[in-house]
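J.: I have a structure here, written as structure tokens, and I will follow up with some questions on it.
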């Protein structure tokens, strides 16, 4: 058992999410920085779809009531007193106080065996807007107790995860996108002007999406008929600001999408902090596929 | 001509039109059915909405050219008719916090607003935004009002609302900017149920005032 002594700013149970239920209005969910989450599970020898803990901005304090093997990845946790990106054996009674997350915004705590909460619609991830999943249907609170599962796929990894196989954790960010799918809603030079702009991450962010300002750039967009949305979609609002959608995004929306962040770069969006700058660069689908294969190869060299 | 556009590195968005129109919804649903019957390699799932269909694919199995070819083979060959189904009654308590304001904006009495809203059958156009949120259309002309100037932080479960030419039901408590005219006790979303939602696009509903 793991006792939540202090939940931190916003801490929830996540896994790879529940894609495929969007037609019912259910967001795909899952770890926002899917790459850091995958590494954490890999380090402790879990299955790729094991549930783990996602911390945001300021992490939780957790007390382990039995011995466990854990790994922390993602955003830096300088006050944790605990080396990240490697598996550790901790004794019964050990308290992990993750502290602030910076640079980066989201950190992941994987426990060997996985966090054991019921599957809902194929996933253990919290769906906050639906108030289901994640064990308790809400972010973790003080006093919650988490059971540790028994499913593992391999021994824990003894080495630290190499720095050469991590993604950048601090801005300024360069994020790869493919333009579209609503080119008709913008004037022809709009994307080019956007990609020349250092966009500014605002404090208005959560697991659904993040607002970005475009200093010096005014994008005009015509409204569109409500259409399905994807994680990574960069919507342009009537005031000219941007909303980049993340894992818990509304499944449909009425703001046009000027470009969509590629899957391999979604972790970068998930780690960008308010005040950071982001530049969006068109890479094309072939390069998007290459970048995805690069990350997959780091996680599974045999693939 | 359908527009088929890249929506990130794992999806194509097929746009069949730009208006709220039963025949466009009919085409979207027919394309959705045709694709799920044919099961083209690499198509993972699809999401219908009003006049568009999002097709998610696995780029390790297919690519945009092949998938677009599969989609285009159906262009001009689908029946836009929506199969006639039962009309589901939605028992509604018309006591929403915006009922008076809607009456004021439309120069109607609250009783007229209720009569007009409950006077016709609606088509479900989309389940989206949040789990189970049910978008229906289209409203009688006299009930067309804009969204609220500033959205509510929390709209209660079961709220029946209107905005523009649409009426909708908030299946769950969520933020929202539509005008709330009533509420229903009908459960529209249940995570443990199969399927988890009460309605799907193409269904027909009628709001029935509680007496």
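J.: Hey, what number do you get for chain A at 222 nm if only DSSP H runs of n ≥ 4 count, each worth -39500 (n - 2.57), divided across all residues, to the nearest 500?
T.: Details: 4 runs with 38 residues, N = 303.
Taking each H run of at least 4 residues, the total per residue is -3500 deg cm²/dmol.
J.: Averaging over all projection directions, find the projected area of the Cα convex hull of region B:43-100 and quote it in nm² with one decimal place. Write down the numbers at each step before the final one.
T.: Values: hull surface 31.2 nm².
One quarter of the hull surface, i.e. the mean projection, equals 7.8 nm².
J.: Beyond 37 Å, what percent of the Cα pairs of chain A remain? Display every interim value, and only then the final one.
T.: Values: 6321 of 45753 pairs.
When every Cα pair of chain A is considered, 14 percent fall beyond 37 Å.
J.: Let me ask something else about it. Which of rounded, prolate, oblate describes the protein assembly as shown, given a ≥ b ≥ c as roots of the alpha-carbon gyration tensor eigenvalues and a/c under 1.5 marking rounded, otherwise prolate only if a/b is larger than b/c? List each step's numbers first, then the result.
T.: Values: a/c = 1.78, a/b = 1.47, b/c = 1.21.
Note, shape of the protein assembly as shown comes out prolate.
J.: Other chains' Cβ within 10 Å of A:171-179 residues: what's the mean?
T.: On the way: counts 0, 0, 0, 0, 0, 1, 2, 6, 2.
Mean shielding count: 1.
J.: Expressed as an acute angle from 0 to 90° and rounded to the nearest 10, what is the orientation of the C-alpha long axis of helix A:34-43 relative to the principal long axis of chain A?
T.: Approximately 20 degrees, to the nearest ten.
J.: Can you tell me what share of the DSSP beta bridges in the protein assembly as shown is antiparallel? A percent to the nearest 5 is fine. Write out the running numbers ahead of the final one.
T.: Details: 90 of 101 bridges.
Beta bridges within the protein assembly as shown, antiparallel portion: roughly 90 percent.
J.: Checking the a/c ratio against 1.5 first, then a/b against b/c, what shape does the Cα gyration tensor give for region A:176-293?
T.: Because its axes are fairly even, with a/c under 1.5, region A:176-293 counts as rounded.
J.: Let me ask something additional. Tell me, what is the percent relative contact order of chain A, built from C-alpha pairs under 8 Å that lie six or more residues apart?
T.: Details: 812 pairs, mean separation 62.0, N = 303.
With pairs under 8 Å counted, the relative contact order is 20 percent.
J.: Let me ask something else about it. To the nearest 10 degrees, how steep is helix A:284-299 against the longest Cα principal axis of chain A, on a 0 to 90 scale?
T.: Helix A:284-299 and the main axis of chain A meet at about 10 degrees.
J.: Would you mind getting the Kirkwood hydrodynamic radius of region B:113-158 from its Cα pairs, rounded to one decimal in Å?
T.: Values: mean 1/r = 0.0788 Å⁻¹.
Value: 12.7 Å, from the Cα pair sum.
J.: With label points built 7 Å along Cα→Cβ from the Cα atoms of residue A:285 and residue A:151, find their separation and express it in nm.
T.: 3.3 nm
J.: If you count the DSSP beta bridges with both ends in chain B, what percent of them are antiparallel, to the nearest 5? Mind showing how you got there, number by number?
T.: Numbers: 38 of 44 bridges.
Given both bridge residues lie in chain B, the antiparallel proportion sits at roughly 85 percent.
J.: With label points built 7 Å along Cα→Cβ from the Cα atoms of residue B:61 and residue B:144, find their separation and express it in nm.
T.: For residue B:61 paired with residue B:144, the spin-label model returns 4.4 nm.
J.: Separate question: For Cα pairs less than 8 Å apart in space and 6+ apart in sequence, what is the mean separation divided by the residue count of region A:36-155, i.e. the relative contact order in percent?
T.: Numbers: 276 pairs, mean separation 36.3, N = 120.
Once normalised by length, the contact order is 30 percent.
J.: Let a ≥ b ≥ c be the square roots of the eigenvalues of the Cα gyration tensor of region B:80-184; is it rounded (a/c under 1.5), or, if not, prolate (a/b larger than b/c) or oblate? Walk me through the numbers before you get to the answer.
T.: Details: a/c = 1.63, a/b = 1.16, b/c = 1.40.
Here region B:80-184 falls in the oblate category.
J.: Calculate the translational D of chain B in whole µm² s⁻¹ from Stokes-Einstein, where the hydrodynamic radius comes from the Kirkwood formula applied to all Cα pairs, the temperature is 37 °C and the viscosity 0.692 mPa s.
T.: On the way: Rh = 18.4 Å.
In µm²/s, the coefficient rounds to 179.
J.: Inside 10 Å of the C-beta atoms of A:279-288, what's the mean count of C-beta atoms belonging to other chains?
T.: Mean inter-chain Cβ contacts per residue within 10 Å come to 2.
J.: As a footprinting exposure proxy, order A:115, B:169 by other Cβ within 10 Å, with the fewest listed first.
T.: Values: A:115 23, B:169 27.
So the ranking, lowest neighbour count to highest, is A:115, B:169.
J.: Additional query: Taking the simple approach of a point 7 Å from Cα along Cα-to-Cβ for both residue A:1 and residue B:19, what is their distance in nm?
T.: It works out to 6.3 nm between the two label points.
J.: Which FRET efficiency value, to the nearest 0.05, do you get for residue B:210 and residue B:105 by plugging their Cβ-Cβ distance into 1/(1 + (r/R0)^6) with R0 = 30 Å?
T.: Numbers: r = 24 Å, r/R0 = 0.80.
So the FRET efficiency works out to roughly 0.80.
J.: For region A:170-227, what is the Kirkwood hydrodynamic radius in Å, using each pair of distinct C-alpha atoms?
T.: Working: mean 1/r = 0.0755 Å⁻¹.
With all distinct Cα pairs of region A:170-227 included, I get 13.2 Å.
Bear in mind these aren't lab numbers, they're just calculated from the coordinates by the rules spelled out. Please read these numbers as outputs of a predicted model, since none were measured by experiment. Here Cβ is always computed from backbone atoms with ideal geometry, including for glycine, and neighbour counts include all displayed protein chains.
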